[in-house]
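First the structure, in the form of C-alpha cells, and then the observations on it.
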Amino acid sequence: MIKVTSKYILIAVGGRPTFLEGIPDVEKLVITSDDIFSLKKNPGKILVVGASYIALECAGFLHGFGYDVTVMVRSIFLRGFDQECANRIGDYMDMKGVKFIKEAVPSKIVKTEDDKRHVTWIDVNDNSEKGNKVFDTVMLAIGR
C-alpha cells in the first residue's frame, strides 16, 4: 500500500465525448474524437460534427492526410476563444479546402447498404431541414 499526502489532491479521470441526443443507435453509427486514432480502416469522406479545438484539430490533420473533410458548426468556431482569431482559423481552413456546414446540427443518421452514413441536418435557427449528404464516417467532437 502506498500512502500519498499533500495539501491538495486532484484526481483527473478524464471524460468521454458527448453523443447526439434524439438519433437512434447513434453510438453505433458514429465515431468520436477518441476513436479516430484506432480506426481499422481509413475514414474516407468524413463529417466532423463540432467546432471546438478538438474538432478543428482533427479536421485539419485529416485534411492534411488527404481526406475529404466537412465540419458541421452549430454556432461559432472555438467557443470561449477570441473570435477574431477563431474566425481567421475557420477562414484559413476553408481556403485550404476544408468544407463547412454552418448553423446546422444532425437530425438523422442512417447506415446505408454499403456501410456509409446518410446524414440529414437541420437549421439551428428554425429547425427546418437544411440538407443531407452521404459520408463514409461521421465523427463527433461536441463536448465532454
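The values are calculated or read from the model by the stated rules, or taken from the named source; none is laboratory data. As the structure is a computational prediction, the values presented were derived from the model and not from experiment. Note that each Cβ is placed from the backbone with ideal geometry, even for glycine, and that neighbours are counted across all protein chains shown.
So the values come out like this:
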item: Hits in segment 15-27 (condition: out of contact with any Pro (no Cβ under 8 Å at 6 or more places or on another chain) and in contact (Cβ under 8 Å) with a residue 24 or more places away in the chain); result: G15, R16, P17, T18, F19, G22, V26
item: Selected residue (criterion: surrounded by the fewest Cβ atoms within 10 Å (Cβ to Cβ)) from residues of segment 1-38 that are within 30 Å of V110 (Cα to Cα) and among the β-branched types (V, I, T); result: T18
item: Lone unmet requirement of (1) more than 19 Å from G143 (Cα to Cα); (2) in contact (Cβ under 8 Å) with a residue 24 or more places away in the chain for T32; result: (1)
item: Within segment 116-144, considering residues that are in contact with a Lys or Arg (Cβ under 9 Å, 6 or more places away or on another chain) and at pLDDT below 95, the one surrounded by the fewest Cβ atoms within 10 Å (Cβ to Cβ); result: R144
item: Strands (runs of 3 or more DSSP E) lying entirely in segment 52-144 (those with 2 or more residues that are charged (D, E, K, R) and touching a residue at least 24 places away in the same chain (Cβ under 8 Å)); result: 99-102, 104-111, 129-135
item: Scan of segment 26-41 for residues that are in a loop (DSSP other than H, G, I, E, B) and either at pLDDT 95 or above or aliphatic (A, V, I, L, M) (or both), ordered by number; result: V30, L39
item: Residue list for segment 52-89, restricted to those being among the small types (G, A, S), modelled with pLDDT of 95 or more and either touching a His at 6+ places or on another chain (Cβ under 9 Å) or surrounded by 13 or more Cβ atoms within 10 Å (Cβ to Cβ) (or both); result: A55, A59, G60, A86
item: Whichever residue in segment 90-115 is surrounded by 12 or more Cβ atoms within 10 Å (Cβ to Cβ) and small (G, A, S) and, among such residues, is nearest to V69 (Cα to Cα); result: G90
item: Unique residue being under 15 Å from the mean Cα position of the chain (by Cα) and of a type outside the set (D, E, K, R) when the list is A55, A12; result: A55
item: Selection from segment 117-144 of residues that are in contact with a Phe, Trp or Tyr (Cβ under 7 Å, 6 or more places away or on another chain), within 22 Å of S33 (Cα to Cα) and basic (K, R); result: R117
item: Any hit, segment 126-138, residues being farther than 17 Å from I46 by Cβ and under 14 Å from the mean Cα position of the chain (by Cα); result: no
